[in-house]
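Read-outs throughout are calculated quantities, based only on the coordinates presented, and are distinct from any laboratory measurement. Just so you know, these numbers come straight off a predicted model, no measurement behind them. Positions of Cβ are generated from backbone atoms using ideal geometry, with glycine treated the same way; all protein chains shown enter the neighbour counts.
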Amino acid sequence: MDFKEKIAEYFSKLKSTIDKVSVEDLNTLMNVLVQSKELGSTVFIMGNGGSSATASHFVCDFNKGVSFNPNKRFKFICLNDNIPSIMAYANDMSFSDIFVEQLKNYFKKGDVVFGISGSGNSMNVVKAIEYANKNGGISVSLTGYDGGKLMSLANYNVNIPIDDMQIAEDLHMILDHCMMQILYNE
């Protein structure tokens, strides 16, 4: 089979969407993360599905990649990496509580809660962002589509303005690598 036309179409959508991402919003998000490092705050990051993989990747890139050798290091914790805890909360409470209940154990005023959701409407991520907002935290998010609930709830948001989950998730990962490389070189 010849997939070249469909491949070119996908790449074209990806290229045109990246030009619509707000550089101003990304710059602001980067400054929020740098400030968290300077203050010694923890960044709690989370997502579902592909966004959970992106959240885990952020932890690797920021805890090791950007923090290798400096005196002050980023402190990222991924709330979707402890499967037994997630399953216990989901089973005994509800899936929408899997992140907020973990925050109740570790979150301190001034910490950053970072949600990634292609739709912007993942209830478990929304509840964690609401918790941060009510308890003196700083909330940030990466979203797709129209930004959903997260775009209006989070203190800071970078939206990928396209109704395509794969393109949104692709660009969330690109934003991680963009931020990591820039901050590493700073």
**OP:** Among the residues of region 55-85, count how many are charged (D, E, K, R), part of a loop (DSSP other than H, G, I, E, B) and buried (at least 18 other Cβ atoms within 10 Å of the Cβ).
**Re:** 1
Subject >> Scan of region 12-41 for residues that are crowded, with 16+ Cβ neighbours inside 10 Å and not in a helix (DSSP H, G or I), ordered by number >> reply: Val21, Ser41
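Does Phe44 count as among the aromatic types (Phe, Trp, Tyr), part of a helix (DSSP H, G or I) and in contact with a strand residue (DSSP E or B) (Cβ under 6 Å, 6 or more places away or on another chain)?
Numbers: among the aromatic types (Phe, Trp, Tyr): yes; part of a helix (DSSP H, G or I): no; in contact with a strand residue (DSSP E or B) (Cβ under 6 Å, 6 or more places away or on another chain): yes.
Taking the combined requirement at face value, the residue does not satisfy it.
Of everything in region 155-186, what is outside any helix (DSSP H, G or I) and either aromatic (Phe, Trp, Tyr) or more than 19 Å from Gly50 (Cβ to Cβ) (or both)? Give them in sequence order.
Going residue by residue through region 155-186, those that are outside any helix (DSSP H, G or I) are 155-164, 186.
The answer is Asn155, Tyr156, Glu186.
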Original post:
Scanning for something within 23 Å of Asp176 (Cα to Cα), among the charged types (D, E, K, R) and either crowded, with 16+ Cβ neighbours inside 10 Å or out of contact with any strand residue (DSSP E or B) (no Cβ under 9 Å at 6 or more places or on another chain) (or both), does region 89-101 turn up at least one residue?
Top reply: no
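Does region 88-99 include one or more residues that are assigned to a loop (DSSP other than H, G, I, E, B), closer than 20 Å to Asn133 by Cα and touching a residue at least 24 places away in the same chain (Cβ under 8 Å)? Spell out how you get there, then give the answer.
Let us first name the residues in region 88-99 that are assigned to a loop (DSSP other than H, G, I, E, B), namely 93-94, 98-99.
Still in the list and also closer than 20 Å to Asn133 by Cα: 98-99.
Of the ones still in play, those that are also touching a residue at least 24 places away in the same chain (Cβ under 8 Å) are 98-99.
Yes.
Condition check ((1) under 16 Å from His172 (Cβ atoms); (2) within 18 Å of the chain's Cα centre (by Cα); (3) not polar (S, T, N, Q)) across all residues:
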| site | (1), (2), (3) |
| --- | --- |
| Asn31 | no, yes, no |
| Gln35 | no, yes, no |
| Asn48 | yes, yes, no |
| Ser52 | yes, yes, no |
| His57 | yes, yes, yes |
| Lys64 | no, yes, yes |
| Asp81 | no, yes, yes |
**OP:** List every residue pair whose Cβ atoms lie under 7 Å apart, where the two residues are 6 or more positions apart in sequence or sit on different chains, the first residue falls within region 46-63 and is within 16 Å of Ala128 (Cβ to Cβ), and the second residue, located anywhere, is among the charged types (D, E, K, R) and in a helix (DSSP H, G or I).
**Re:** Ser51/Glu169; Thr54/Glu169; Thr54/Asp176; Phe58/Asp176
